[in-house]
Amino acid sequence: MTTNLIQAHGLTKRYGDFVAVAGIDFHVAKGESFGLLGPNGAGKSSTMRIIAATSQRTGGDIKILDKDPNLHGPQIRAHLGVVPQQDNLDTELTVEQNLFVYGRYFGLSSSFIKNKIEELLDFAQLVEKRDVKVDALSGGMKRRLTIARALISEPDILMLDEPTTGLDPQARHILWDRLFRLKEQGVTLVITTHYMDEAEQLCDRLVVMDKGKIMAEDSPAGLIKTYSTKEVLEVRFGSERNAEMSEKLKQHCERIEVLPDRILMYADDAEKVLEEIIKQGIHPITSLVRRSSLEDVFLRLTGRSLIE
Amino acid sequence: MSITTEPKVVKPYGALYVAEYRIRNMMRFKALIVMVSIGNPFLYLLSIGVGVGALIDSNNLIDGVPYLTFLAPALLANAAIAGGMDETVFPTLHGFKWGKIFFGINSTPITGSQIAIGVFLAAMARVVFLVTIYWIVLYLFGALETSYSWLAIPTAIFAGACFAAMMLALAAKMENDNLFFTFISRFVIMPLFLFSGTFFPLSAMPIYLQWIGWISPLWHATELGRFLTYGREISNQMLFLHVAFLSVILIVGLFFAVRYYTRRLAK
Amino acid sequence: MIIATAVEIADRRAGRLGDKYYAGRARSVMNRNFTAFKSSTWLVVLSGFIEPVLYLFAFGFGLGQFIGDVEVSNNVISYAVFIAPGLLATSAMNGAIYDSTWNVFFKMHESRLYQGMLATSLGPLDVALGEIAWALLRGLIYAIGFVAIVAPLGLIPSWWGILAIPASVLIAFGFAAIGMAITSYISSFQQMGAINLALLPMFLFSGAFYPIEVFPESAQILIKALPLHHGVSLIRGLTLGEIDISLLGHAGYFVIMIALGLFFTTKRLTALFMR
């Protein structure tokens, strides 16, 4: 058996005339944390659903644990824990009932499930909420319960589709902490996100997707190194003057991006660039020096912003 | 350029704006609404009026008239009630819970009571439409005997308004349990529908069950309807009582509807 | 004892016929429904059989006073005896249609419950069978409740009437299978509304409330093609003890409905549950 849990070649998904996934190649190794980064509609969720064996591919090849998901859905899904983008918890049931019923879907014995529930309630910090109906939980709690539910069968691969979308910053950090622990325990994670900070935090390796294609693949640091400079200078002149100013600024940096509200100047020493332009008598309304992020990588690769 | 929204301008018409939004929403389903409005009376009259009517011995006219004539005003009022409930229960549940639209409307100068009244008015527009069509179908079936039978249209609408107002209040009050409506429809609405002198005179029931009719807006409206469509003999006192009963229900219903809407929005 | 893991359990079925659709655990879906039922206001759910009973009282005993007796084939029976089987068949239809259309549609598109189930090692057929079996169990309880109320009132003259209980489960199965197949083609609430629209004439004209002979011959042929008419005739034959070969024909109609419904449901499983 190969060490790659997932192996895809030319994977394609069409809905009628619309091509959601346009022939992508990727692999996920055991124990790694693999990310799909891209804006809404990039084809991440379609890819996830094919991996989860709940959507049939229309072209190409994919093997999950050496099995074809079109032919061995139930056998593959027994290896997976799925956390969908929108919570689909059973709102008619309590927290504990949700976990129990879900374990039964896998055919697990009730003694096994009962022990596991204790462990998972503790992990998800929901011990006090065990008899509460799902509707009464906060967004962060629902997400943690969904993750706990996905873990009931002790999956080899945990699939998380936009795990922190819609959560407040505190709830996000709690969730990241929980996911780190899983990573430490050796669970393989497959994560989609359109948040670059999330991808940087959680993923060992990621692919950048846009319009159904993979634009680049590397570790977060590697991507930044390849596709961006070390630092970025952000300057603003007011929406109406940005375009006009960019002509004058071009020569001072390696690369320039003009966005509707600001100009991004790429250079390894952005502080120096700022000094230079001020010397030239150019005074932006605001300026900011920061390190390059995956957002910049995405902008470089697609010419568009990640969050639109 | 600046746009000013004068609260003073919104104030008197707020309910109408809400009604307009509800009616626009209904228009999306206009084909379905028209089809149901025509199809329902047609099917019911053909089936119950003609089919069941054929079983009733012709010497044994009910209340001195053919069964179809006896049934017509009850079906008319019942159609108004069903329409009024449809357009209040679901929009209220949707507005507060599923879509939370009311909270959005309430963030404009429009008040909770205006939302309640607006939803009510829109429901009434639907009721007026469907009762008018129902009446025309009744006319075509020859189920109306008097020359002034069109007066049964407003009395049926009256019954629809009563139920709409009560349901508006109830749906706003109920925050969680969807089963509550199963309960209400099974143990309140359906018995009222079946035992309010709808399909047979109230007097055919044992006296200890007749109270079901007395508390039912459907019965009161049906009695008025029968008076108007085939001249059933009813004393002036009773006529007054029927109108008074419906008026009280309507006013109390609207009062609580406005109150519960305002309260729930303020939460 | 060694506790089997999810993977071992799933692999046991690998290689069997239909292993990509069926994991042999429809009962875990029923278990879910039972858990939800226990934590709901179950008395309200159970009281479902009250509706036909109310209709029976209103029409059978209320309106019945103005109708007297009804002649069916060679029997002269009271109106209440006449409509009781009609109401049982009708409520079997209504319950089954509700469960297989609105309920399935809601769990698929609104609460996305099925997506959750199908992220596990269950197959789509487990979900379909579990849901249908649960609906039939509910239908069985309703039928028992109805018969338990009307039999002591003398409205089921024949001992054959006991068979009305399994017969109404058969009717429910037929409608549930067809209902689920139809739901697989439906994508919006408006289309769901159309199903209700189609059911109303069936409810009103299938001979539950009056013998269809009041209508002209041509209309009768149309009515006799409708499934509910066969349901009403089947149950009425049993409660009146008029046992003949035609009952087999009525039952056969539902057997065919079940076969067709299940065929299309299975064929559309991927569309139903994995779109």
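The values are calculated or read from the model by the stated rules, or taken from the named source; none is laboratory data. Predicted model, so just to flag it, every value in this text is computed and none were measured. Cβ placement follows ideal geometry from the backbone for every residue including glycine, while neighbour counts extend to all protein chains displayed.
Can you pull out the residues in the stretch A:168-186 that are in contact (Cβ under 8 Å) with a residue 60 or more places away in the chain and outside any helix (DSSP H, G or I)?
Step one: of the stretch A:168-186, the residues in contact (Cβ under 8 Å) with a residue 60 or more places away in the chain are A:183, A:186.
Result: A:G186, single match.
For residues that are under 24 Å from the mean Cα position of the chain (by Cα) and more than 9 Å from chain B (Cβ to nearest Cβ), scanning just the stretch C:44-81, find the one that is farthest from C:L247 (Cα to Cα). My answer is C:L46. Sub-8 Å Cβ pairs linking a first residue in the stretch B:52-68 that is more than 17 Å from C:F59 (Cα to Cα) and more than 11 Å from chain C (Cβ to nearest Cβ) to a second residue that is assigned to a helix (DSSP H, G or I) and modelled with pLDDT of 85 or more, at least 6 apart or interchain, are B:V65/B:Y230, ordered by first then second residue. A residue that is among the aliphatic types (A, V, I, L, M), within 13 Å of chain C (Cβ to nearest Cβ) and part of a helix (DSSP H, G or I) occurs somewhere in the stretch B:82-91.
Can you tell me which residues in the stretch C:13-38 are in contact with a helix residue (DSSP H, G or I) (Cβ under 7 Å, 6 or more places away or on another chain), among the small types (G, A, S) and either under 30 Å from C:L204 (Cα atoms) or within 8 Å of another protein chain (Cβ to nearest Cβ) (or both)? Result: C:A14, C:A23, C:S28. In summary, C:D99 fulfils each of the numbered conditions (1) of a type in the set (D, E, K, R); (2) within 13 Å of another protein chain (Cβ to nearest Cβ); (3) within 16 Å of C:L140 (Cβ to Cβ) with the single exception of condition (2). Would you confirm whether any residue within the stretch A:224-234 is under 30 Å from A:K13 (Cα atoms) and touching a Leu at 6+ places or on another chain (Cβ under 6 Å)? No, the stretch A:224-234 contains no residue that is under 30 Å from A:K13 (Cα atoms) and touching a Leu at 6+ places or on another chain (Cβ under 6 Å). C:G116 - would you say it is within 12 Å of another protein chain (Cβ to nearest Cβ), without any contact (Cβ under 8 Å) to a residue 60 or more places away in the chain, surrounded by 23 or more Cβ atoms within 10 Å (Cβ to Cβ) and in a helix (DSSP H, G or I)? It is true that C:G116 is within 12 Å of another protein chain (Cβ to nearest Cβ), without any contact (Cβ under 8 Å) to a residue 60 or more places away in the chain, surrounded by 23 or more Cβ atoms within 10 Å (Cβ to Cβ) and in a helix (DSSP H, G or I). Please indicate, with yes or no, whether at least one residue in the stretch B:14-25 is surrounded by fewer than 22 Cβ atoms within 10 Å (Cβ to Cβ), modelled with pLDDT under 85 and within 14 Å of another protein chain (Cβ to nearest Cβ). For the stretch B:14-25, residues surrounded by fewer than 22 Cβ atoms within 10 Å (Cβ to Cβ), modelled with pLDDT under 85 and within 14 Å of another protein chain (Cβ to nearest Cβ): present. In the condition set (1) at pLDDT below 90; (2) surrounded by 24 or more Cβ atoms within 10 Å (Cβ to Cβ); (3) within 30 Å of C:L46 (Cβ to Cβ), B:A143 is compliant with all but (3). Kindly establish whether C:A4 is outside any helix (DSSP H, G or I), within 14 Å of chain A (Cβ to nearest Cβ) and surrounded by 21 or more Cβ atoms within 10 Å (Cβ to Cβ). The answer is no for C:A4. Of all residues in the stretch C:119-143, those being surrounded by fewer than 24 Cβ atoms within 10 Å (Cβ to Cβ) and free of Cβ contacts under 8 Å to residues at least 40 places away in the same chain number 1.
Listed conditions (1) assigned to a helix (DSSP H, G or I); (2) modelled with pLDDT of 85 or more are all met by C:A208, apart from (1).
Within the stretch A:184-205, the residues that satisfy the criterion of being of a type outside the set (F, W, Y) and more than 21 Å from A:G31 (Cβ to Cβ) are A:H194, A:M196, A:D197.
Within the stretch C:182-189, is there a residue that is under 22 Å from C:Y79 (Cβ atoms) and assigned to a loop (DSSP other than H, G, I, E, B)? No, that holds for no residue.
Listed here are the helices (runs of 4 or more DSSP H) enclosed by the stretch B:148-267 that have at least 1 residues being over 18 Å from the mean Cα position of the chain (by Cα) and more than 27 Å from B:F129 (Cα to Cα): B:152-173, B:179-184, B:211-214, B:236-266. Here C:G207 clears all of (1) within 12 Å of chain B (Cβ to nearest Cβ); (2) more than 21 Å from C:Y79 (Cα to Cα) except the condition numbered (2).
Screening A:V273, A:V297, A:V208, A:V232 for residues that are buried (at least 20 other Cβ atoms within 10 Å of the Cβ), in contact with a strand residue (DSSP E or B) (Cβ under 9 Å, 6 or more places away or on another chain), more than 30 Å from A:H27 (Cα to Cα) and in contact (Cβ under 8 Å) with a residue 60 or more places away in the chain leaves exactly one candidate, A:V232. Among the residues making up the stretch A:126-135, those that are closer than 17 Å to A:D87 by Cβ and either surrounded by 16 or more Cβ atoms within 10 Å (Cβ to Cβ) or touching a strand residue (DSSP E or B) at 6+ places or on another chain (Cβ under 8 Å) (or both) are A:L126, A:K129, A:V132, A:K133, A:V134.
A:F237 meets the conditions (1) surrounded by 18 or more Cβ atoms within 10 Å (Cβ to Cβ); (2) without any contact (Cβ under 8 Å) to a residue 40 or more places away in the chain; (3) out of contact with any Ser or Thr (no Cβ under 8 Å at 6 or more places or on another chain) in every case but one. The failed one is (2).
Table: residues versus (1) within 25 Å of the chain's Cα centre (by Cα); (2) closer than 30 Å to A:E118 by Cβ; (3) of a type in the set (G, A, S).
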position: A:S46; (1), (2), (3): yes, no, yes
position: A:S55; (1), (2), (3): yes, no, yes
position: A:G60; (1), (2), (3): yes, no, yes
position: A:K63; (1), (2), (3): yes, no, no
position: A:P69; (1), (2), (3): yes, no, no
position: A:H72; (1), (2), (3): no, no, no
position: A:H79; (1), (2), (3): yes, yes, no
position: A:N88; (1), (2), (3): yes, yes, no
position: A:N98; (1), (2), (3): no, yes, no
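Might you let me know whether the stretch A:87-96 holds any residue that is more than 7 Å from chain C (Cβ to nearest Cβ), touching a residue at least 60 places away in the same chain (Cβ under 8 Å) and not charged (D, E, K, R)? The answer is yes, given that some residue of the stretch A:87-96 is more than 7 Å from chain C (Cβ to nearest Cβ), touching a residue at least 60 places away in the same chain (Cβ under 8 Å) and not charged (D, E, K, R). If you go through the stretch A:58-79 one residue at a time, do you hit one that is within 14 Å of another protein chain (Cβ to nearest Cβ), touching a residue at least 24 places away in the same chain (Cβ under 8 Å) and within 21 Å of C:H109 (Cα to Cα)? No, the stretch A:58-79 contains no residue that is within 14 Å of another protein chain (Cβ to nearest Cβ), touching a residue at least 24 places away in the same chain (Cβ under 8 Å) and within 21 Å of C:H109 (Cα to Cα). C:T35 meets the conditions (1) under 24 Å from C:A148 (Cβ atoms); (2) crowded, with 18+ Cβ neighbours inside 10 Å; (3) in contact with a Leu (Cβ under 8 Å, 6 or more places away or on another chain) in every case but one. The failed one is (1).
Of the residues making up the stretch C:166-184, those that are over 15 Å from C:A133 (Cβ atoms) and under 8 Å from the mean Cα position of the chain (by Cα) are C:S168, C:I171.
Among the numbered conditions (1) outside any loop (DSSP other than H, G, I, E, B); (2) in contact (Cβ under 8 Å) with a residue 24 or more places away in the chain; (3) within 11 Å of chain A (Cβ to nearest Cβ), the only one that C:A92 does not meet is (3). In this entry, B:L228 is excluded by the filter for residues that are of a type in the set (A, V, I, L, M), surrounded by 16 or more Cβ atoms within 10 Å (Cβ to Cβ) and within 21 Å of B:A123 (Cβ to Cβ).
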